[in-house]
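Student: Sharing a structure below in structure tokens format, with a few things to ask.
The values are calculated or read from the model by the stated rules, or taken from the named source; none is laboratory data. Small disclaimer: the values here were computed from a predicted structure and weren't measured. Backbone-built Cβ (ideal geometry, glycine too); neighbour counts: all protein chains shown. Areas reflect the complete protein model, heavy atoms only, side chains present, ligands, DNA and RNA absent. Shrake-Rupley method; radii C 1.70, N 1.55, O 1.52, S 1.80 Å.
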Amino acid sequence: MALRAALRPKCAFLGLLQSSGSHGRVSTVLVSQMRNNTTAPKIKVDFNQSTGVAVLSMQSPPVNSLSLDFLTELCINLEKLEMDKACRGLIITSTQPKVFSAGLDIMEMYGKSPERCGEFWRAVQEMWLKIYGSNMVTIAAINGSSPAGGCLLGLTCDYRIMADNPRYTIGLNETLLGIVAPFWFKDTMVNTVGHRNTEMALELGLLYSPSEALKIGLVDKLVPQDQLLTTATETMTKWLAIPDHARQITKSMMRKPTIDKLTSNREADIQNFVSFITKDSIQKSLRMYLEMLKKRKA
Ligand code: CO8
């Protein structure tokens, strides 16, 4: 019970995200910036009024890892775009060289209090709910490696285009870190590439090259890096030619059962995450993985 109470949204931003007032959103940005002690935005949005398409660029060096601050800013921007009737399409990409997103920020899961872990996990859920359930057409322009949460971010979109560079990898590699992809990560992957591919990918923590990812349907198209945004824009035009209401109802019909599964188990999912991630054995696995990352670099 105490843990449950501790995991209720404590963070000002999450309470504010649930309210629809624009003042709430402005305050939230300030809270996030103060915590991070920086004013450099981690997200850039270019909205083209005439096409109704926004390009959201992740610009958090070095690897766009999904920290609580990053997720806060991302969710605020997503909510703003979702509420803007003029915005019909969203392209998500990265300004970082070679990396789309390195997934969840491992430092958010290592050596943190249960309260902080709970707050972080709620923000991860929020990101997924906002994109997977979006009324906008969402296209991921994956211009670099995209492991774990980075792959999930791509999978939540309607369509994925990846830069055809054999040095990039994509996949849900959680088991390599000694952790387990939660059921809604798994469900999102099953909905995209089917049960068998997901079973192998998740058990082995497979990271696919772009051509392997295309083969199993983890991404929909490969293009040279310099054609990524043009192709995403052309693809968006095709999707936007479908009447919004018919496409949106169809999308909801396909995704609602998966979304409902998380929304009706949200608190339990947070508790599961917190009790799992704070275990000594899991903390040890994360420490070893972090050391491996550093060593690989040296
Ligand atoms: N979180 C925090 N820091 C990271 C992360 C990350 N996910 N990834 C990389 N970094 C850091 C590195 O440690 C390094 O730090 P420093 O400069 O201080 O040494 C810096 O970012 C740059 O990293 P690299 O030198 O490795 O950069 P490269 O361009 O060579 O490679 C990669 C980029 C391919 C993204 C590489 O960094 C990589 O493979 N990173 C690890 C990615 C990963 O495994 N992510 C998994 C995160 S877990 C997740 O998303 C889902 C968890 C679900 C939880 C379920 C629990 C129940």
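Student: Residue farthest toward the positive end of the dipole of region 57-133, with Cβ of Lys/Arg at +1 and Asp/Glu at -1: which of Gln59, Ala86, Thr72?
Tutor: Positive-end residue among those listed: Ala86.
Student: Given a 1.4 Å probe and heavy atoms of the protein chains only, how would you sort Asp105, Asp260, largest accessible area at the top?
Tutor: So the residues, ranked largest to smallest area, are Asp260, Asp105.
Student: In whole percent, what relative contact order does region 141-298 give with Cα contacts below 8 Å and a gap of six or more residues?
Tutor: Value for region 141-298: 25 percent.
Student: Further question: In the structure displayed, which of Lys261/Lys284; Lys80/Lys256; Lys44/Lys85; Lys42/Lys80; Lys186/Lys238; Lys186/Lys297 lie more than 25 Å apart, Cα to Cα?
Tutor: Values: Lys261/Lys284 31 Å; Lys80/Lys256 22 Å; Lys44/Lys85 19 Å; Lys42/Lys80 16 Å; Lys186/Lys238 29 Å; Lys186/Lys297 30 Å.
Pairs exceeding the cut-off: Lys261/Lys284; Lys186/Lys238; Lys186/Lys297.
Student: Applying the Karplus parametrisation 6.51 cos²θ - 1.76 cosθ + 1.60 with θ = phi - 60° to the phi angles of region 234-239, what ³J(HN,Hα) value in whole Hz is obtained for each residue in order, glycine and proline being reported as x?
Tutor: Karplus-based 3J(HN,Hα) across region 234-239 equals 5, 5, 4, 4, 5, 5 Hz.
Student: Another question, if that's okay. Looking only at region 204-248, which residues have a backbone nitrogen under 12 Å from a spot 7 Å from the Cα of Thr51 in the C-beta direction?
Tutor: Answer for this model: 228-240.
Student: Full extension from Lys44 to Ser285: what is 0.36 nm times the residue separation minus their Cα-Cα distance, to one decimal in nm?
Tutor: 83.4 nm
Student: Right, another one. So what is the relative contact order for region 59-138, in percent, with contacts set as C-alpha pairs under 8 Å and at least six apart?
Tutor: Relative CO of region 59-138 lands at 48 percent.
Student: Given the protein chains as shown and a 1.4 Å probe, how many square angstrom of Asp220 are accessible, to the nearest 10?
Tutor: Only protein atoms counted, so the area is about 60 Å².
Student: Check Val137: other-chain or 5+ apart residues with amide H under 5 Å from its amide H, H built from backbone geometry?
Tutor: Hits under the 5 Å cutoff: Gly89, Leu90.
Student: Just to check, using Stokes-Einstein with a Kirkwood Rh over alpha carbon pairs, what's the diffusion coefficient of region 113-206 at 10 °C and 1.306 mPa s in µm²/s?
Tutor: Using the Kirkwood radius from Cα pairs, D works out to 113 µm²/s.
Student: Further question on the same structure: Normalised by the residues of the chain, what does the relative contact order come to in percent, with Cα pairs under 8 Å and at least six apart?
Tutor: 17
Student: What is the set of long-range amide H partners of Ile142 at a cut-off below 5 Å, with H atoms built 1.01 Å from backbone N?
Tutor: Residues meeting the amide H criterion: Ile161, Met162, Ala163.
Student: Okay, moving on. In nm, give the distance between the simple-model label positions of Glu234 and Val180, each being 7 Å from the Cα along the Cα-to-Cβ direction.
Tutor: Simple spin-label model gives 4.5 nm for this pair.
Student: Could you give the length gained on full extension between Leu204 and Met254, defined as 0.36 nm per residue of separation minus the Cα-Cα distance, in nm?
Tutor: 15.2 nm
Student: Next question, about the same structure. Sorted by mean Cβ packing within 10 Å, highest first, what order do the peptides 60-67, 116-123 take? Write out the running numbers ahead of the final one.
Tutor: On the way: 60-67: 20.0, 116-123: 23.0.
Averaged packing, sorted descending, gives the order 116-123, 60-67.
Student: While we're here: Tabulate in residue order the Karplus-calculated ³J(HN,Hα) for region 177-186, using 6.51 cos²θ - 1.76 cosθ + 1.60 with θ = phi - 60°, rounded to whole Hz; enter x for Gly and Pro.
Tutor: 8, x, 10, 10, 5, x, 4, 7, 5, 4
Student: Related question: Just the Cα atoms of the chain: what Rg and Dmax do they give in Å?
Tutor: For the chain, the Cα-based Rg and Dmax read 18.3, 53 Å.
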